[in-house]
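Worksheet for the structure shown next.
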There are 2 protein chains.
Amino acid sequence: MNERLGKLWQEYKEKVKAGQDPRTLYQQMVWPILLDFWKKSPVVEPQKFQFDVSIHTLGTSPEATTLAILGTRSSEVYVIHTPETRKYLEQIRRDVGVELYPIEIEKNDVVTIYKRIKEVVERNIGKTVALDVTGGTKAMSAGMASGGFFFRRFFPNIRVVYVDNEEYDEELRRPVAGSEKLVILPSPHEVLGDVDAFFALEHYSKGEFYEAQRYFRETAKKTKDNRYNVLADICVMYHAWYSLDIETAFEKSRKLVEELQTDTWLNHPLGKSRGFFETQSKILEAIKRFLEEKDYTRNKFGVFALAKTLLKKSEKHEMHGETILTALCAYRALELLLQERLSLYNLTPDMPLTDEDKIAIRREMSKILQKPEDQVEMHDKLGLFGMAILLIVKKDSCVQGIFDQKRLKALSLALQSRNSSLLIHGFDFPNEKQVEYIKECARKLLKDLEIRAELRLDPSTDMCFEKAGLDLFKW
Amino acid sequence: MNERLGKLWQEYKEKVKAGQDPRTLYQQMVWPILLDFWKKSPVVEPQKFQFDVSIHTLGTSPEATTLAILGTRSSEVYVIHTPETRKYLEQIRRDVGVELYPIEIEKNDVVTIYKRIKEVVERNIGKTVALDVTGGTKAMSAGMASGGFFFRRFFPNIRVVYVDNEEYDEELRRPVAGSEKLVILPSPHEVLGDVDAFFALEHYSKGEFYEAQRYFRETAKKTKDNRYNVLADICVMYHAWYSLDIETAFEKSRKLVEELQTDTWLNHPLGKSRGFFETQSKILEAIKRFLEEKDYTRNKFGVFALAKTLLKKSEKHEMHGETILTALCAYRALELLLQERLSLYNLTPDMPLTDEDKIAIRREMSKILQKPEDQVEMHDKLGLFGMAILLIVKKDSCVQGIFDQKRLKALSLALQSRNSSLLIHGFDFPNEKQVEYIKECARKLLKDLEIRAELRLDPSTDMCFEKAGLDLFKW
């Protein structure tokens, strides 16, 4: 077939040189053969594909658009044309033998192109859609290609295509007939392995460390660049930290600080920020030690860091509308901080109370709950409410200042209701207002602890509880 | 200025008509003036913008590329050219007076274009980058535009630009000098308000219902199409369901079923799937009733649905690497299912045990823990381990079959360790293997309950615990 077209092209060239009108001659002599060929077997790269729907921008070469329509094999064909190119529609319709849906726009109206693409893909969810950028102005094809890649994020069955040609006849200023092909443009993601790193960064910036880590590992594998594994390890560290798997987090942070001391990172932003990661490693070490030793007296920094971590986790869950988890983390932070406060009086919640304390607590509870003393329930192990009351009994000025006497009654329920959470043993769903109050109390106790124990970090304490900035992740 | 160029253009046209060579004449007569004008004040739409970096595809009109460089005002200029267009580089360099970084590619090598864009943007994180698609073949500009919109997802400072012209001189087949402008292509997201719905769908398909809901509300507001609020409500329902806020979930599902009966949805896929949402509403109602009445005997469906929900939630957390939450949900599911099993013997975990049962449990525990009977600790309220043992003592064949005697010892710790979770009262992080085993046991108990109580749903039980398919969200 190509041989036949090759011969034809030579004849055509000679006749044009002999003075015949190139356009008319092309229409009579070359086009019918080429059209026939494409109707039977269009040339498509990288391989033939049956599209359900296609959208084309039409310029002053209707033949190219016709080939694109035949190449996509689509049966629902939209043609975006301008007032100037409307005249070619009839010829295309005749040539392809399929009904067209014409869409008229002004020459450079990219916004309308976006709108039409959107309408078509929305009506055809699940179907394959070809966006053909062959014809029309640069504005039109840039709009189609841009729209194509924007919408492809949401509709993975969209492909951008165009008709290309292997050979161009410089003399005739025309593609050599038979050298045309429809190219299905690959996505950068398909052909560039290492754009996985971009997806990793996208997840990282949203705080989705587990997902980010997976993409970084993938990148390391594809690029054989081991530095991506270090980025993955940073993600593992943050993920473990905010999943409260402190042992893993600390282990990773320790290795990270070691790694950043090697020459590989000497001039890299990450290497230069080693101090930041060292501080984070110290934070994690303090929490780890606290979890092992439960020493509220000598490891103030550990209590502080764990409570701050829990409050940050609580906020993260709140941002995602996860009320139960928001509540659990806030309760746990408050409990820790009250225990720290009790330790100032050499008390723990498990310790047997003196009779004197018992009487005082019962009296205080009876006052707050407005119940006779003998109807006040008291457990061996103090719950959150009990701890707060014990501290009030001890005239702890900090707790007295933070826990609003008026609200303590309403709170008594909230403070006692943790165990009845649907996620623990019970069937209750937390009340958002109460959770907010619990968090507020915890935050105030945390602030008090920070000042009292003179905990100050470099850079700033708050910053050291955040992930490293994205600007460190480049080379 | 435009007036001056207008006059110049007329003179130029006349001279061309008089037979002078258009290209040489343009270079001598028109171009120096136009260049000078753009150097001082380039025409940019929608407004002037200072780019840090620019990448250009070069075709056979170096002047257009020169204008693009001047329009972007970039100081780091990359020019993608082919072997055929290399010859224009020198002229551009001279005209713009800035050093160029040439990048040679083969005519249709889109992959290399992607690679170069990637390298440049990676080296310039945080800087503004213009991708100019004015020159070159369709393949080159389609590649640039596509790459531009792909990378823009990760690097928001990328813009696709091109040089357009207001007036085209049909006779000379050239843009009228002075009518050129650099257009900064808007993103579909900027100009089409309602693409928020796409972001909603993207979140929905990932099971991020809270985020999806926000985008649907935004879409409803922007488009004034109230049907998007119904989609938002579907998201609220699923979010509440998997956040265990069953009351909200049921309330939303009830309203949804009502809404879908109205004429608006008569022929819509959502309306046609009303049966599916009705089943989901029944599931939620059963859970809600169970949470209120705690009736393990008559509301088998409620127990089943809650346990299945907890196991699904556990899996969701596992998928995101959240081990503590994976464990909490699995524990809770197992607890519910063991309680349901106890109810078959008219037992509850809070009930005082008969002396006979106490002795039998102690004996069984002593065997499993390999401890003398008097060293076995027993609590008033049975924990998970205690419940499992009680059922074994009762010769419950289902529990006997599921709980592997050999592994029960190792499990005893896991079953007792829920309260010591870092999120509850303790300082422990769960062991993944144990969590897997807990889940396996819960799954088997769930299966037994499903068969025993003859719970079968339409469409399939499993499907009714999943979100509605994306194909229902269109019109």
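The values are calculated or read from the model by the stated rules, or taken from the named source; none is laboratory data. What you see is a predicted model, and the numbers here were worked out from it, not measured in a lab. Cβ sites come from the backbone with ideal geometry, for glycine too, and all protein chains shown count toward neighbours. The area values use the complete protein model at the heavy-atom level, side chains included, leaving out ligands, DNA and RNA. Shrake-Rupley method; radii C 1.70, N 1.55, O 1.52, S 1.80 Å.
Count the DSSP beta bridges whose two residues both fall in chain B, then state the antiparallel fraction as a percent rounded to the nearest 5.
25
Enumerate the calculated ³J(HN,Hα) couplings along region A:297-303 in order (Karplus 6.51 cos²θ - 1.76 cosθ + 1.60, θ = phi - 60°), each rounded to whole Hz, writing x wherever the residue is Gly or Pro.
For region A:297-303, the Karplus curve yields 8, 9, 10, 4, 5, x, 4 Hz.
Arrange the peptides A:127-135, B:437-445 so that the one whose residues have, on average, the most other Cβ atoms within 10 Å appears first.
Peptide ranking by packing, descending: A:127-135, B:437-445.
Using only the alpha-carbon atoms of region B:196-293 as identical scatterers, what base-10 log of I(q)/I(0) does the Debye formula give at q = 0.12, 0.17, 0.22 Å⁻¹?
Those come out to -0.38, -0.75, -1.15, one per q.
Starting from a label point 7 Å past Cα on the Cβ side, list the distances from A:ARG153 to the same position in the other copies, nm, shortest first.
Shortest to longest, the spacings are 0.7 nm.
Looking only at other chains, what is the average number of their beta-carbon atoms within 10 angstrom of each beta-carbon in A:108-116?
Counting Cβ atoms of other protein chains within 10 Å of each residue's Cβ and averaging gives 4.
By average Cβ neighbour count within 10 Å, what is the ranking of B:314-325, B:94-105 from highest down?
B:314-325, B:94-105
I'd like the Karplus ³J(HN,Hα) series for region A:73-81: coefficients 6.51, -1.76, 1.60, θ = phi - 60°, whole numbers in Hz, and an x wherever there's a Gly or Pro.
With coefficients 6.51, -1.76 and 1.60, one gets 6, 6, 10, 10, 10, 9, 10, 8, 10 Hz.
May I ask you to give the percent of accessible area on the protein assembly as shown that is carbon plus sulfur, with a probe radius of 1.4 Å?
On the protein assembly as shown, the fraction of accessible area on carbon and sulfur atoms equals 48 percent.
Give the B-A buried accessible area in Å², both sides summed, 1.4 Å probe, nearest 100.
7200
Which residues belonging to region A:128-144 lose at least 20 Å² of 1.4 Å-probe accessible area when the assembly is complete, relative to their chain isolated?
The answer is A:VAL133, A:THR134, A:LYS138, A:ALA139, A:ALA142.
Provide a whole-number value for the mean count of partner chain Cβ atoms within 10 Å of the Cβ atoms in peptide A:178-188.
Across A:178-188, the average partner-chain Cβ count within 10 Å equals 3.
For A:THR134, which sequence-distant residues (separation of 5 or more, or a different chain) have an amide H within less than 5 Å of its own amide H, given hydrogens modelled in the peptide plane?
A:THR57, A:VAL163
Evaluate the protein assembly as shown: find the radius of gyration of its Cα atoms, find its Kirkwood radius, and give the ratio Rg to Rh.
1.07
Tell me the chymotrypsin sites (Phe, Trp or Tyr not before Pro) within region A:341-412 that lie in a loop according to DSSP and have at most 14 other beta-carbon atoms within 10 Å.
Here the sparse-neighbourhood loop sites are A:TYR345.
What order, most packed first, do the peptides A:263-276, A:235-248 have when packing is the mean number of other Cβ atoms within 10 Å of each residue?
Put in order of decreasing packing, that is A:235-248, A:263-276.
Given a 1.4 Å probe, show me the residues in region B:231-272 buried by at least 10 Å² of accessible surface when comparing the whole protein assembly to the chain alone.
B:HIS239, B:SER243, B:LEU244, B:ASP245
Which angle from 0 to 90°, rounded to the nearest 10, does the C-alpha axis of helix A:209-223 make with the longest principal axis of chain A?
50
Find the accessible area per residue for the protein assembly as shown; the probe is 1.4 Å, ligands and nucleic acids are left out, and the unit is Å².
Ligands and nucleic acids excluded, the figure is 45 Å² per residue.
Quick check: with the 1.4 Å probe, what order do A:LYS87, A:LYS406 take by accessible area, largest first?
Highest to lowest solvent-accessible surface, that is A:LYS406, A:LYS87.
On a 0 to 90° scale, report how tilted helix B:274-293 is relative to the longest principal axis of chain B, with both axes built from alpha carbons and the result rounded to the nearest 10.
Tilt of helix B:274-293: around 40 degrees.
Shielding of A:318-326 by partners, i.e. mean partner chain Cβ atoms within 10 Å per residue?
5
Where does helix B:323-343 land angle-wise versus the long Cα axis of chain B, in degrees 0 to 90, nearest 10?
Its long axis makes an angle of about 30 degrees.
Tell me the mean residue ellipticity at 222 nm calculated for chain A from its helices only (DSSP H runs of n ≥ 4, each -39500 (n - 2.57), averaged over every residue, nearest 500).
For chain A, the value works out to -18000 deg cm²/dmol.
Relative to the isolated chain, which residues of region B:145-159 have their accessible area cut by 50 Å² or more in the presence of all protein chains (1.4 Å probe, heavy atoms, no ligands or nucleic acids)?
Hits at the 50 Å² cut-off: B:SER146, B:PHE149, B:PHE150, B:ARG153, B:PHE154.
Shortest first, in nm, what separates the label point of B:LYS48 from those of the same position in the other copies (7 Å along Cα→Cβ)?
Copy-to-copy label distances for B:LYS48: 5.6 nm.
In percent, how large is the relative contact order of chain A, given Cα pairs closer than 8 Å and 6 or more residues apart?
Once divided by the residue count of chain A, the mean separation gives 9 percent.
Return the Cα extents of region B:1-144 along principal axes one, two and three, sorted largest first, each rounded to a whole Å.
The Cα atoms of region B:1-144 stretch 50, 31, 24 Å along the principal axes, largest first.
Taking a point 7 Å out from Cα toward Cβ as the label site, list the nm distances between A:LYS127 and the same residue in every other copy, smallest first.
Values, ascending and in nm: 4.5.
What is the distance in Å between the Cα centroid of region A:221-265 and that of region B:127-151?
When both Cα centres are located, 35 Å separates them.
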